[in-house]
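Asker: Once you've had a glance at the structure underneath, I'll fire off some questions.
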Amino acid sequence: MSEELLTVPQVMARLKVGRSTVYDLIRSRRLPSLTIGRARRVPASALRDFIRAQLTEAA
């Protein structure tokens, strides 16, 4: 399995939001992430699921 792991700046760019918003989503567990050493990473599939859920809520 080769899951793409995104950095916080990559998530910021894809969602077009700021750093604090990304960390708020991670802190509130709305956006799953993992820590490798001191680096925070978000699985690409988790970001896709988050976006899909937001679209469903908005509909």
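Every number here is computed from the coordinates shown, using simple stated rules; none is lab data. If you're wondering where the values come from, they're calculated on a predicted model, not measured in any experiment. Here Cβ is always computed from backbone atoms with ideal geometry, including for glycine, and neighbour counts include all displayed protein chains.
Asker: Just the residues that are hydroxyl-bearing (Ser, Thr, Tyr), surrounded by 10 or more Cβ atoms within 10 Å (Cβ to Cβ) and part of a loop (DSSP other than H, G, I, E, B), please, taken from the stretch 9-59.
Answerer: Scanning the stretch 9-59 gives a single hit, 33.
Asker: Which pairs do you get when a residue that is among the aliphatic types (A, V, I, L, M), found in the stretch 30-54, comes within reach of a residue that is assigned to a loop (DSSP other than H, G, I, E, B) and surrounded by 17 or more Cβ atoms within 10 Å (Cβ to Cβ), reach meaning Cβ atoms under 9 angstrom, with the pair 6+ apart or on two chains?
Answerer: 42/31; 42/33; 46/31; 46/33; 47/31
Asker: Picking from 22, 11, which residue would you name as being touching a residue at least 24 places away in the same chain (Cβ under 8 Å) and of a type in the set (Val, Ile, Thr)? Working first, answer last.
Answerer: On the way: 22 fails: touching a residue at least 24 places away in the same chain (Cβ under 8 Å).
Only one candidate passes the filter, namely 11.
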